[in-house]
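Scroll down for the structure; my scribbles are underneath it.
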Amino acid sequence: MSEEVTAEILTTHILELARSGRRLDGRRPEEYRPVSIEFGFVTSADGSALARIGETAVVSGIKLEPGKPFPDTPNAGVLTTNAELIPLSSPTFEPGPPHPRAIEVSRVVDRAVRASEAVDLKRLCIAPGEKCWTCFVDIHVIDHSGNLIDACMLAAVAALSRTTMPSRRFELGEDAPLALAHLPMETTFCRLGNTIVVDPTFEEEGAAQGRLTIATDEVGHVVAMQKGLVGAFAPGEVKELAEAAFRHGDKLREAVRGGTRP
Amino acid sequence: MGNGHRSRHRGQGREGAPSHSSRSDSARTLVLPGEELPSRGLGPGPGTYRVNGRIYASVLGLLQTQPPSVRVAPLAGRYIPRARDTVIGIVTDVQGTFWLLDIGAPRWAPLHMTGTPWKIDFGETQQYLRVGDAVVVAVEQIENTGRIGVTMIGDGLGKLEGGTLVSVSPAKIPRIIGKGGSMIQMIQKSTGCTLVVGQNGRIWLDGPDDGIVEVRSAIRLIEEEGHRRGLTERVQAFLDHGSGAPRGPKGPPPTAPWAATAEAPEPDPAEGPESEYDFPEKDVN
């Protein structure tokens, strides 16, 4: 039972509602679900957060360890992102090797964090060519109710923003916060007929005819994009969606800035 | 977390042989998996098992003593099929002589072409039901191998055309049906929608668009507050109050099911103390 078949009548109903600008849960097409973040959710991690978008819940934990830099980047630290879609979170997820969807989520989150230069990898260098910090960004989806990419990104950035470099543990000096240079955020849109909706739910993703994820930063750069599912977006639409992505991204950034350091 | 909540239950001896109240004692008793249940000569019903003549709960849920058996109504969980249940299935695969249905159970249920009202020749199955179609079927039997036998022959069974589906936890279905089907009738009357409720937590509804939005919200309300008293009144008030307007999440945040048992319930003279927990077994059709 790896793929859940969406009932045809449900898909038809979602598309019919979309035609008049309505959605199953009563939201408007451009309305995001409520967002909340719980910082310091995993006490054993160097930084962590539980992010919720509607009923979707994602935990992210950051772990920093000294390691060896890559030979081609002797002056930079290492950043690795990994997303797990655990069977607990959805009936469609199975245990075993990573699902292509999990790989996509981790690659898209990794790309946005990397391309925005949110984590200054140069600052993770300890001794050029010899020793550097390796930063593991682990993402666990614990409840899948749609829009995993945005939720995973939100959790990862929220966790990174409250991460402490555990220098004392490795006898490398005093602990210091891992300062983020930028706050990149993903915003995902789905096409439902001629209507484009933001922050799709699980059911809407099942009915979607094309998905576009746009990563923005607070400076005004589009730092990464990902197109998914079968379906197309016109150039004009993409421009409009990029504008909208900044608006939604700014709200998500506000959620990360809010709250206090644990 | 179990112990903290359990200790707050109303006066029941917890040592030695448990002395749970039965339904007539007007207490809602939350039991944990593995907890011994008072059998009083009754047999093990759904949600329980028997070892050496003693009956234990197999799920986290509310204890119900319904002669001839004791049973535990789970608070949550996947649909566990039982014979004679009416369920809504979605076709996930088409074979030469049968379709595979996802009925929300741990396994897929094969619907054989002889179990339909149609006269089908071998290989014609695709012309009748395709992947993604929704059907109302009845569970006939659960074989020893775990195979779930379903049939589409019977009153109210068949392919669903139009309308839409809502999924809820199967544990909440009795709340949605209500005592003797009262809740479902109230919703249908107030919204002008037609509902078909499957015991597996899928609900088909059809009617005016505004009505569908309203039914959805009402179902969410029942899902979140089904464990609290005075549910019927609250749903009625909700349906009478502004209709059709799009709603965001409303009402108080979902309370943990045991919160209602942990605190003294507010007096509610309009309602018998146990009516919310009277699980009607078969109210569909």
Of the residues in segment B:74-119, how many are assigned to a strand (DSSP E or B), buried (at least 20 other Cβ atoms within 10 Å of the Cβ) and out of contact with any Leu (no Cβ under 9 Å at 6 or more places or on another chain)? 1
Among (1) within 12 Å of chain A (Cβ to nearest Cβ); (2) under 17 Å from B:Ile88 (Cβ atoms), there is one condition B:Pro174 misses while meeting the rest; what is its number? (1)
Segment B:181-235, subset of a type in the set (Lys, Arg) and buried (at least 18 other Cβ atoms within 10 Å of the Cβ), residue modelled with the highest pLDDT: B:Arg202
Hey, any hits in segment B:74-90 for a residue that's farther than 23 Å from B:Ala138 by Cα and not hydrophobic (A, V, I, L, M, F, W, C)? no
Within segment B:195-243, the residues that are under 30 Å from B:Asp133 (Cα atoms), away from chain A (no Cβ under 14 Å) and in a helix (DSSP H, G or I) are B:Ile222
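Among the listed residues A:Val238, A:Val256, identify the single one that is among the β-branched types (Val, Ile, Thr), in contact with a helix residue (DSSP H, G or I) (Cβ under 9 Å, 6 or more places away or on another chain) and not in a loop (DSSP other than H, G, I, E, B).
Going through A:Val238, A:Val256 in turn, just one is among the β-branched types (Val, Ile, Thr), in contact with a helix residue (DSSP H, G or I) (Cβ under 9 Å, 6 or more places away or on another chain) and not in a loop (DSSP other than H, G, I, E, B): A:Val256.
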Note: among B:Arg50, B:Arg130, just one is more than 27 Å from A:Phe93 (Cβ to Cβ) and surrounded by fewer than 22 Cβ atoms within 10 Å (Cβ to Cβ), namely B:Arg50
Any residue in segment A:160-187 that is at negative phi sitting within a Cβ distance under 7 Å of a residue that is among the aromatic types (Phe, Trp, Tyr) and crowded, with 19+ Cβ neighbours inside 10 Å? List the pairs, counting only those 6 or more apart or interchain. A:Arg162/A:Phe39; A:Met165/A:Trp133
If you take just the strands (runs of 3 or more DSSP E) that sit entirely in segment B:131-177, which of them hold at least 2 residues that are over 12 Å from B:Ile103 (Cα atoms)? B:134-142, B:164-167
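The values are calculated or read from the model by the stated rules, or taken from the named source; none is laboratory data. The shown structure was predicted, so the numbers you read here are calculated from the model rather than taken from an experiment. We place every Cβ from the backbone using ideal geometry, glycine too, and count neighbours over all the protein chains shown.
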